[in-house]
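To start, the structure itself, in C-alpha coordinates.
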Amino acid sequence: MKRTLMTVLSCILIMGMAACGSQNKNNNTSENSQDGKTENVNDDNGAAKYFKIFSSENYHLKAKMVGDKQISIMEMFMKDKNNMATIVEMEGHKMKTILKGGKMHIVDDVSKTVMITKVPQSSNDNNSIKTDGMTLTDSGTAEFNGKTLPYKEYSDKDGNRVQYFLDGTKLAGIRNIARGNVMDIIVLELDENVPNNVFDIPSNYQKMEY
(Lines give C-alpha, C1' and ligand atoms only; values in the text may rest on other atoms or scores of the structure.)
Protein backbone atom coordinates (compact mmCIF):
# COMPACT_ATOMS: atom_id res chain seq x y z
CA MET A 1 0.00 0.00 0.00
CA LYS A 2 2.81 2.40 0.88
CA ARG A 3 4.45 1.74 -2.50
CA THR A 4 1.18 2.42 -4.31
CA LEU A 5 0.64 5.69 -2.48
CA MET A 6 4.18 6.78 -3.29
CA THR A 7 3.58 5.96 -6.96
CA VAL A 8 0.37 8.00 -6.97
CA LEU A 9 2.13 10.87 -5.21
CA SER A 10 4.97 10.79 -7.72
CA CYS A 11 2.50 10.94 -10.60
CA ILE A 12 0.77 13.94 -9.02
CA LEU A 13 4.06 15.74 -8.48
CA ILE A 14 5.17 15.07 -12.06
CA MET A 15 1.94 16.41 -13.55
CA GLY A 16 2.01 19.44 -11.28
CA MET A 17 5.60 20.31 -12.05
CA ALA A 18 5.03 19.81 -15.75
CA ALA A 19 2.12 22.25 -15.76
CA CYS A 20 4.15 24.78 -13.81
CA GLY A 21 7.05 24.48 -16.19
CA SER A 22 4.75 25.04 -19.13
CA GLN A 23 3.23 28.11 -17.46
CA ASN A 24 6.64 29.63 -16.81
CA LYS A 25 7.62 29.13 -20.44
CA ASN A 26 4.38 30.72 -21.59
CA ASN A 27 5.17 33.81 -19.53
CA ASN A 28 8.29 34.35 -21.65
CA THR A 29 7.19 35.70 -25.01
CA SER A 30 8.75 33.95 -27.99
CA GLU A 31 10.36 36.00 -30.72
CA ASN A 32 8.54 33.94 -33.32
CA SER A 33 5.13 33.70 -31.66
CA GLN A 34 3.23 36.21 -29.56
CA ASP A 35 2.02 33.69 -27.00
CA GLY A 36 5.16 31.55 -27.13
CA LYS A 37 3.06 28.43 -27.59
CA THR A 38 2.88 27.46 -31.22
CA GLU A 39 3.32 28.34 -34.85
CA ASN A 40 1.72 27.05 -38.03
CA VAL A 41 -1.36 25.57 -36.36
CA ASN A 42 -4.05 25.65 -39.02
CA ASP A 43 -7.78 25.05 -38.81
CA ASP A 44 -7.70 22.66 -41.77
CA ASN A 45 -7.20 19.59 -39.61
CA GLY A 46 -9.36 18.16 -36.85
CA ALA A 47 -6.52 18.11 -34.32
CA ALA A 48 -6.04 21.89 -34.41
CA LYS A 49 -9.12 22.72 -32.35
CA TYR A 50 -8.03 20.30 -29.62
CA PHE A 51 -4.50 21.67 -29.69
CA LYS A 52 -6.00 25.12 -29.11
CA ILE A 53 -8.05 23.84 -26.16
CA PHE A 54 -4.89 22.65 -24.42
CA SER A 55 -3.16 25.91 -25.31
CA SER A 56 -5.94 27.85 -23.60
CA GLU A 57 -6.11 28.76 -19.95
CA ASN A 58 -9.38 26.97 -19.17
CA TYR A 59 -10.21 23.29 -19.61
CA HIS A 60 -11.17 20.08 -17.84
CA LEU A 61 -9.62 16.78 -18.89
CA LYS A 62 -10.29 13.29 -17.58
CA ALA A 63 -8.08 10.62 -19.06
CA LYS A 64 -6.59 7.18 -18.70
CA MET A 65 -2.81 7.39 -18.68
CA VAL A 66 -0.86 4.38 -19.94
CA GLY A 67 2.91 4.26 -19.85
CA ASP A 68 5.89 2.44 -18.37
CA LYS A 69 3.68 -0.58 -17.54
CA GLN A 70 1.53 1.59 -15.26
CA ILE A 71 -2.08 2.69 -15.69
CA SER A 72 -3.74 5.53 -13.82
CA ILE A 73 -6.83 7.72 -14.12
CA MET A 74 -6.01 11.41 -14.17
CA GLU A 75 -8.40 14.35 -13.99
CA MET A 76 -7.08 17.86 -14.54
CA PHE A 77 -8.78 21.24 -14.12
CA MET A 78 -7.01 24.30 -15.51
CA LYS A 79 -8.22 27.86 -15.01
CA ASP A 80 -6.63 31.22 -15.75
CA LYS A 81 -3.26 29.52 -16.31
CA ASN A 82 -2.16 29.98 -12.69
CA ASN A 83 -4.67 27.61 -11.08
CA MET A 84 -4.56 23.87 -11.66
CA ALA A 85 -6.05 20.91 -9.82
CA THR A 86 -5.05 17.35 -10.63
CA ILE A 87 -6.62 14.18 -9.26
CA VAL A 88 -4.79 10.90 -9.82
CA GLU A 89 -6.25 7.47 -9.04
CA MET A 90 -4.12 4.34 -9.13
CA GLU A 91 -4.85 0.86 -7.73
CA GLY A 92 -7.82 2.18 -5.77
CA HIS A 93 -5.94 5.06 -4.17
CA LYS A 94 -6.72 8.68 -4.99
CA MET A 95 -4.73 11.83 -4.29
CA LYS A 96 -5.17 15.44 -5.36
CA THR A 97 -2.80 18.29 -5.98
CA ILE A 98 -3.73 21.95 -6.29
CA LEU A 99 -1.44 24.60 -7.74
CA LYS A 100 -2.38 28.12 -6.68
CA GLY A 101 -0.68 31.16 -5.24
CA GLY A 102 2.73 29.91 -6.37
CA LYS A 103 2.49 26.81 -4.17
CA MET A 104 1.66 23.15 -4.66
CA HIS A 105 -0.88 21.68 -2.22
CA ILE A 106 -1.01 17.89 -2.06
CA VAL A 107 -4.33 16.92 -0.47
CA ASP A 108 -4.85 13.51 1.17
CA ASP A 109 -8.51 13.02 2.10
CA VAL A 110 -7.79 9.76 3.95
CA SER A 111 -5.33 11.24 6.44
CA LYS A 112 -6.93 14.71 6.17
CA THR A 113 -3.60 16.38 5.53
CA VAL A 114 -2.27 18.95 3.08
CA MET A 115 1.42 18.96 2.16
CA ILE A 116 2.48 22.38 0.87
CA THR A 117 5.62 22.95 -1.20
CA LYS A 118 6.95 25.67 -3.46
CA VAL A 119 6.14 25.22 -7.11
CA PRO A 120 9.31 24.37 -9.07
CA GLN A 121 10.49 27.12 -11.39
CA SER A 122 10.87 24.74 -14.32
CA SER A 123 10.54 21.10 -15.15
CA ASN A 124 11.07 18.79 -18.11
CA ASP A 125 8.50 16.04 -18.33
CA ASN A 126 7.15 13.65 -20.93
CA ASN A 127 3.75 13.17 -19.26
CA SER A 128 2.39 16.67 -19.71
CA ILE A 129 0.32 17.80 -22.68
CA LYS A 130 2.89 20.10 -24.22
CA THR A 131 1.80 22.94 -26.48
CA ASP A 132 4.35 25.73 -26.03
CA GLY A 133 6.86 25.90 -28.85
CA MET A 134 5.15 23.09 -30.78
CA THR A 135 4.54 23.15 -34.54
CA LEU A 136 2.56 20.87 -36.82
CA THR A 137 5.19 18.66 -38.46
CA ASP A 138 3.72 15.31 -39.49
CA SER A 139 0.65 13.11 -39.91
CA GLY A 140 -0.07 9.42 -40.34
CA THR A 141 -1.87 6.43 -38.83
CA ALA A 142 -0.90 4.22 -35.89
CA GLU A 143 -2.44 1.90 -33.34
CA PHE A 144 -3.89 3.73 -30.35
CA ASN A 145 -6.02 2.17 -27.63
CA GLY A 146 -6.72 -0.92 -29.72
CA LYS A 147 -7.63 0.92 -32.94
CA THR A 148 -5.74 2.05 -36.02
CA LEU A 149 -6.37 5.80 -36.08
CA PRO A 150 -5.12 8.84 -37.96
CA TYR A 151 -3.02 11.36 -36.09
CA LYS A 152 -1.50 14.81 -36.45
CA GLU A 153 1.93 15.25 -34.90
CA TYR A 154 3.35 18.39 -33.30
CA SER A 155 6.99 18.70 -32.30
CA ASP A 156 9.46 21.20 -30.88
CA LYS A 157 13.12 22.01 -31.47
CA ASP A 158 14.17 19.63 -28.68
CA GLY A 159 12.68 16.61 -30.42
CA ASN A 160 9.62 16.23 -28.18
CA ARG A 161 6.63 14.93 -30.13
CA VAL A 162 2.91 14.96 -29.39
CA GLN A 163 0.49 12.99 -31.55
CA TYR A 164 -3.24 13.82 -31.53
CA PHE A 165 -5.32 10.75 -32.50
CA LEU A 166 -8.77 11.29 -33.96
CA ASP A 167 -11.65 8.82 -34.05
CA GLY A 168 -13.85 10.53 -36.62
CA THR A 169 -14.00 14.13 -35.40
CA LYS A 170 -13.55 13.15 -31.76
CA LEU A 171 -10.19 13.30 -29.98
CA ALA A 172 -9.43 9.71 -28.98
CA GLY A 173 -6.25 10.61 -27.16
CA ILE A 174 -2.74 11.95 -27.17
CA ARG A 175 0.61 10.20 -27.37
CA ASN A 176 3.58 12.01 -25.82
CA ILE A 177 7.01 10.94 -27.03
CA ALA A 178 10.03 12.44 -25.27
CA ARG A 179 13.56 11.15 -24.66
CA GLY A 180 12.56 7.65 -25.71
CA ASN A 181 9.61 7.52 -23.29
CA VAL A 182 6.01 7.12 -24.47
CA MET A 183 2.89 8.09 -22.54
CA ASP A 184 -0.59 7.49 -23.99
CA ILE A 185 -3.36 9.75 -22.68
CA ILE A 186 -6.72 8.20 -23.54
CA VAL A 187 -9.34 10.95 -23.37
CA LEU A 188 -12.45 10.10 -21.34
CA GLU A 189 -13.83 13.63 -20.95
CA LEU A 190 -12.76 16.99 -22.35
CA ASP A 191 -14.70 20.21 -21.80
CA GLU A 192 -14.48 23.70 -20.33
CA ASN A 193 -16.42 22.94 -17.15
CA VAL A 194 -14.06 24.14 -14.41
CA PRO A 195 -15.88 24.82 -11.11
CA ASN A 196 -14.20 27.31 -8.78
CA ASN A 197 -14.48 25.04 -5.74
CA VAL A 198 -12.15 22.45 -7.28
CA PHE A 199 -9.27 24.71 -6.20
CA ASP A 200 -10.44 25.02 -2.57
CA ILE A 201 -8.04 23.82 0.15
CA PRO A 202 -9.89 22.06 3.04
CA SER A 203 -9.61 24.41 6.00
CA ASN A 204 -9.94 21.65 8.61
CA TYR A 205 -7.07 19.49 7.26
CA GLN A 206 -3.68 19.44 8.96
CA LYS A 207 -1.21 21.49 6.92
CA MET A 208 2.48 20.60 6.60
CA GLU A 209 4.66 23.10 4.77
CA TYR A 210 8.07 22.21 3.35
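Multiply the residue separation of ASP68 and THR135 by 0.36 nm, subtract the distance between their alpha-carbon atoms, and state the gained length in nm to one decimal. Walk me through the numbers on the way to the answer.
Working: separation 67, 0.36 × 67 = 24.12 nm, distance 2.63 nm.
Value of the extension gain: 21.5 nm.
Kindly report the accessible area of segment 63-210 per residue (heavy atoms of protein chains, probe 1.4 Å, no ligands, DNA or RNA), in Å². Present the calculation step by step, with values, prior to reporting the outcome.
Numbers: 7830 Å² over 148 residues.
In whole numbers, segment 63-210 has 53 Å² accessible per residue.
Can you work out the FRET efficiency for the pair LYS118 and ASN197, with r the C-beta to C-beta distance and R0 = 35 Å, to the nearest 0.05? All intermediate terms of the calculation are to be shown ahead of the outcome.
Values: r = 24 Å, r/R0 = 0.69.
It comes out at approximately 0.90.
For segment 141-192, run through the GluC sites (Glu not before Pro) and keep only the ones in DSSP coil with at most 13 other Cβ atoms within 10 Å of their Cβ. If you can, show how the numbers build up before the last one.
Details: sites: GLU143, GLU153, GLU189, GLU192; in loops: GLU192.
Passing sites in segment 141-192 are GLU192.
For the pair ASP80/LYS49, report the inter-label distance in nm, with labels modelled 7 Å from Cα in the Cβ direction.
That separation, rounded to one decimal, is 2.8 nm.
Can you give me the distance in nm between label points at THR148 and ASN181, each placed 7 Å from the Cα along the Cα-to-Cβ direction?
For the pair THR148/ASN181, the computed spacing is 3.1 nm.
Can you return the lysines within cross-link range of LYS170? Criterion is Cα-Cα under 19 Å, with same-chain partners fewer than 8 residues away left out.
LYS49, LYS52, LYS62, LYS64, LYS147, LYS152
Need one word for segment 166-210: rounded, prolate or oblate. Basis is the Cα gyration tensor (sqrt eigenvalues a ≥ b ≥ c); a/c below 1.5 gives rounded, then a/b vs b/c decides. Numbers along the way, then the final one.
On the way: a/c = 5.01, a/b = 1.66, b/c = 3.02.
Oblate, because a/c is 1.5 or more while a/b does not exceed b/c.
The values are calculated or read from the model by the stated rules, or taken from the named source; none is laboratory data. What you are looking at is a predicted structure, and each value in this text was computed from that prediction instead of being measured. Because the Cβ atoms are built from the backbone with ideal geometry, glycine has one as well, and the counts that use them run over all protein chains shown. Remember, those area values only see protein heavy atoms, side chains included, never the ligands or the DNA or RNA. Shrake-Rupley method; radii C 1.70, N 1.55, O 1.52, S 1.80 Å.
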